[in-house]
Amino acid sequence: MPSTLKTAAQFFALRSLVRGYALIGDPYAGVMSSPPDRDPYAMYEKVRAKGDMVRSRMGAYVTPSRELCDSVLRDPRFLTATFDEASMVSITLVQDGHKVVNPVQDSFLMKNPPDHTRLRKLVQPFFTPRALKDRTASIQKIVTGYLDRLDGRFDVVEEFASQVPIQVIADLLGVPDDDKALFARWGSSLAETLDGVWSYKQLKGLHATIVEYNDFIDGLMAERRRNPQDDIVSHLVTQHEDLSREDLVATTGLLLFAGFETTVNLISNGVLKAFENPHTVAPLAQSPEYAEGFVEEVLRLDPPVQYTIRWPRERVELAGVSVPKGMPVMLLLAAANRDPRTFRDPHRFDPTRSNAREHLAFSAGIHYCVGAGLSRIEGAIALHELFKRFPDLAPDGPIARRRSRLIRGALRLPVRANASKRPLAVKST
Ligand code: HEM
């Protein structure tokens, strides 16, 4: 059989298998095959009703418990997957006989110590509280700059929520302005396939994106070697000359894509939560402190990253269930964030909730999100300034959801607003 047909047949068989198991109520198959744009929270509650550690007939284990998710994430007996295992179909890509570096699959997000430790250390200094404090004024400027272009009818995702994080992370890395437009397209293609590649068409799209990204970053690294600036790419290519090309391409790529494909959803989910809870709009527009609590509660109740997976390197006993070596354990972060044992009245949106920060939206343990502080700042400034500028912001047409089970957010969110209306009286920021 020609290899393309063989791959297509593999995808078809895999899809049918997972859908079949979902039909008989299998929790793992249910998450993996639910319509990607459907509200998943009712399904998570069905998993919770089955217990803290639910065995899937597909061999995987699923947990909606906050305590168990947190302990697995901090447990050195658990490893992060290679992407091949996570997506169930091998997607290692080759171009002209050379491996094409996948900025997610080959990055330290998917590595275990000691490689993970070595690579993570290289970028952490750019995300310390001190470094972020120095960035806050420029984030404020970026947000205001995009708001100045908006009035009347616009798509809040396309023209604001995606633009701000792209600009912030591109500035940090040193991506020239003219190239930023490419990222929205690449990011969508990558984000769509993070929960697995399910069709041959998706595989081809992913391949094209990654090849284009490899070419682009090779060019940028060469330019920064010749002409270093004050940015992360320049720092990595000039201060860490021993790093392999693969590590360089994957590390910068991870920061780029993790840097905006998640924060865009935090902002869009935040706008939706404000629409659903109109009483929160005035305090959100008036108070930067309230905006910080608002962002934390959005992260808890509707997190951009819905789950993650870990594999035990040995047999492990969890909540009375014995998990064999090498079996995937799906940690439902979004369900953990609604665990009634940690969060009172867990389905209620309450930006003043005192323990919202106990959510697992940024994971925990050694893979805790490097960009958590940055996205908190971006989210709070973006939502505060958006509603301060447009206190009358309202939905203006059907909302389209992202087609992913892993990444949750809006793809299109048409709104109308009138900047000429007098804004609410606000505290200065
Ligand atoms: C609301 C926005 C964001 C969310 C919800 C989010 C969520 C996450 C989660 C859940 C993980 C860990 C996954 C796992 O344990 O398997 C992670 C890791 C990571 N995130 Fe984020 N992230 C966000 C923003 C950012 C930003 C802005 C950056 C960079 C500028 C970033 C960079 C990273 C990196 C580098 C890792 C890998 C950490 C490691 O493996 O040690 N993230 N993120």
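Values in this text are rule-based calculations from the coordinates and carry no lab data. Note that the structure is predicted; figures quoted are calculated from it, not measured. All Cβ positions, glycine included, derive from the backbone under ideal geometry; neighbour counts span all protein chains shown.
Along the charge dipole of the chain, pointing to its positive end and built from +1/-1 on Cβ of Lys, Arg, Asp and Glu, which listed residue (Val298, Leu119, Ile381) has its Cα farthest out?
Val298
How would the range 127-280 be classified by its alpha-carbon gyration tensor: rounded, prolate or oblate, with rounded meaning a/c under 1.5 and the a/b versus b/c comparison settling the rest?
oblate
Take the alpha carbon gyration tensor of the range 247-331, find the square roots of its eigenvalues, order them as a ≥ b ≥ c, and report rounded if a/c is under 1.5; if not, report prolate when a/b exceeds b/c, else oblate.
oblate
List the chymotrypsin sites (Phe, Trp or Tyr not before Pro) within the range 332-390 that DSSP assigns to loop and that have no more than 13 neighbouring Cβ atoms inside 10 Å.
Here the chymotrypsin sites (Phe, Trp or Tyr not before Pro) that fit, given the DSSP loop and packing criteria, are Tyr368.
What ranking do 376-386, 311-321, 278-288 get when scored by the average of other Cβ atoms within 10 Å per residue, highest first?
Packing proxy ranking, top to bottom: 376-386, 278-288, 311-321.
Given the DSSP H assignment, sum -39500 (n - 2.57) over each helix run of at least 4 residues in the chain and divide by its residue total; what's the result at 222 nm in deg cm²/dmol, nearest 500?
Helices in the chain give a 222 nm mean residue ellipticity of -15500 deg cm²/dmol.
How many times 2.2 N^0.38 Å is the alpha carbon radius of gyration of the chain?
0.97
For Leu266, what is the net charge nearby, where nearby means another residue's Cβ is under 12 Å from its Cβ and Lys, Arg count +1, Asp, Glu -1?
-1
Let's see if you can work this out: charge +1 on each Lys and Arg Cβ, -1 on each Asp and Glu Cβ, no other charges. What is the dipole magnitude of the chain about its Cα centre, in debye to the nearest 20?
1080 debye
Of Lys273/Lys388; Lys180/Lys273; Lys46/Lys204; Lys121/Lys180; Lys99/Lys204, which sit over 24 Å apart, Cα to Cα?
Lys180/Lys273; Lys46/Lys204; Lys121/Lys180
Across the range 405-413, in residue order, what do the Karplus-derived ³J(HN,Hα) couplings come to in whole Hz, using 6.51 cos²θ - 1.76 cosθ + 1.60 with θ = phi - 60° and x for Gly and Pro?
Karplus values, whole Hz, x for Gly and Pro: 8, 8, 9, 10, x, 8, 8, 9, 9.
For Lys325, give me every one of the aspartates and glutamates with a C-alpha distance below 18 angstrom, ignoring sequence neighbours fewer than eight places off in its own chain.
Candidates past the 8-residue exclusion: Asp75, Asp84, Glu85, Glu314, Glu317.
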